[in-house]
Amino acid sequence: MLVAGSGRQLGLAWAALVGTLLLAQYTDVDLWLQELLYRRDQQRWWIDSQDPWLRLWFYSGPKGALIAIGVALLAVVVAAWRGWLARHWLRPALYLLLCLGLIPALISAFKAITHIPCPSQLTLYQGQLPYRHLWEATLVGEQGRCFPAGHASGGFALMGLAFVGRQRWQRMAGALIALATGWTMGLYQMMKGAHFLSHTLVTFCLAWLMALVLARSMGNGRDLLDTAHQHHDQDVDQNIK
């Protein structure tokens with residue numbers, strides 16, 4: 001069962017996004033936290049980006065699992081559309097599949113135009129670029145593609161689980177799964193110098209917003225989807241006859 005998000009949730013998501021952007025622009029909280037993740041005495045990050053086991057567990061492994069989930073959801077959508085599964089599986093599976101595809105795509109599009117570098121690229125951390133706040137870095141157009149956080153977007157794309165389920169506890173469990181996955185992937189990147197906190201927070205806010213917008217759109221579009229499915233069923237019946 002797909003549950004449309006409320007207008008209050010939409011307002012909270014927008015407020016969280018705007019608040020995060022203002023915090024990143026007008027405070028140094030990003031630098032304060034990143035300093036805790038950088039070993040000054042050894043001039044390296046807490047996590048070695050080349051460590052094969054950590055990369056497997058927190059980078060390539062989660063990516064592979066998310067791709068597998070996407071393939072499984074696509075199979076459910078096709079099966080439900082063809083009538084091989086009960087019709088009530090179609091809407092939630094299609095919704096979750098769209099979340100998995102569109103949320104990372106949205107983040108990737110923003111990364112291409114913001115031009116904000118990763119912490120490891122900055123002179124503060126043995127890189128070559130100066131640190132600038134969000135707006136300044138975007139206007140200058142540095143050669144960076146680190147804002148918002150791309151890797152964590154895969155985990156936060158599971159935010160659609162917060163709107164699927166008949167019982168409230170099921171949706172709460174889905175939200176916790178998405179948050180745990182997204183923040184685990186995001187913290188891994190932060191601890192190896194790939195992102196600031198604000199990069200990951202903005203990704204979470206955008207994923208939340210996209211999941212909400214899709215849930216509200218598809219929740220209000222039942223007639224359209226059901227009509228399309230009915231036409232498909234009629235065509236199948238006619239072909240059988």
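Each reported figure results from applying straightforward, stated rules to the coordinates on display, with no laboratory input. Just so it is clear, the model here is predicted, and its values are computed rather than measured. Every residue, glycine among them, receives a Cβ derived from its backbone with ideal geometry; neighbour counts consider all protein chains shown.
Restricting attention to the alpha-carbon atoms of region 160-220, what are Rg (one decimal) and Dmax (integer), both in Å?
13.4, 42
How large is the direction-averaged shadow of the alpha-carbon convex hull of region 102-156, in nm²? Could you put the intermediate results ahead of the total?
On the way: hull surface 15.0 nm².
Taking a quarter of the hull surface, the average projection is 3.7 nm².
If each DSSP helix of 4+ residues adds -39,500 (n - 2.57) and the sum is divided by the residues in the chain, what number results at 222 nm, nearest 500 deg cm²/dmol? Mind showing how you got there, number by number?
Working: 10 runs with 158 residues, N = 241.
Calculated from helices alone, the mean residue ellipticity at 222 nm is -21500 deg cm²/dmol.
Under the definition of Cα pairs under 8 Å and six or more residues apart, what whole-number percent is the relative contact order of region 48-222?
Working: 242 pairs, mean separation 39.8, N = 175.
Reported relative contact order: 23 percent.
So what are the ³J(HN,Hα) numbers for region 143-154, from phi and the Karplus equation (6.51, -1.76, 1.60; θ = phi - 60°), rounded to whole Hz, Gly and Pro as x?
So the J values, rounded to whole Hz, are 7, x, 9, 10, 9, x, 6, x, 4, 5, 4, x.
Whose amide H sits under 5 Å from the amide H of residue 129, counting only residues 5 or more places off or on another chain, with H placed in the peptide plane?
Close amide H contacts, sequence-distant or interchain: 122, 123.
Taking the dipole about the Cα centre of the chain, with the C-beta of Lys and Arg at +1 and of Asp and Glu at -1, give me whichever of 140, 61, 173 is farthest to the positive side.
It is 173.
Counting other beta carbons within 10 Å of each residue's own, what order do 192, 111 fall into, fewest first? Before the final figure, lay out each step's value.
Working: 192 24, 111 20.
Fewest-to-most ranking of 192, 111: 111, 192.
Sort all Cα-Cα distances of region 48-222 into consecutive 5 angstrom bins from zero, then give the percent of pairs in each bin up to the one containing the longest distance.
1, 9, 15, 19, 18, 14, 10, 7, 4, 2, 1, 0
Please report, for the Cα atoms of region 1-97, the Rg to one decimal and the Dmax as a whole number; what are they, in angstrom?
That works out to 21.1, 63 Å for Rg and Dmax.
Angle between the Cα long axis of helix 7-26 and the longest principal axis of the chain, 0 to 90 degrees, nearest 10?
Orientation of helix 7-26: about 20 degrees from the principal axis.
Under the definition of Cα pairs under 8 Å and six or more residues apart, what whole-number percent is the relative contact order of region 96-139? Show your work: numbers first, answer last.
Details: 25 pairs, mean separation 12.0, N = 44.
RCO, region 96-139: 27 percent.
What does the charge add up to near residue 165, with Lys and Arg as +1, Asp and Glu as -1, over the other residues with Cβ less than 14 Å from its Cβ? Mind showing how you got there, number by number?
Numbers: positive: 91, 166, 168, 171; negative: none.
Spelling it out: positives minus negatives among the neighbours equals +4.
Looking at 215, 112, 203, which one has the Cα that reaches farthest to the positive end of the dipole of the chain (charges on Cβ: Lys, Arg +1; Asp, Glu -1)?
215
To the nearest 20 debye, what charge dipole does region 48-222 have about its Cα centre, counting +1 at the Cβ of each Lys and Arg and -1 at the Cβ of each Asp and Glu? Spell out each step's value before the answer.
Values: 14 positive and 4 negative charges, 175 e Å.
For region 48-222, the charge dipole is close to 840 debye.
Residue 44's amide H: which non-local residues (gap 5+, or another chain) put their own amide H closer than 5 Å, with H modeled 1.01 Å from N in plane and none for Pro or chain starts?
HN-HN under 5 Å from residue 44: 39.
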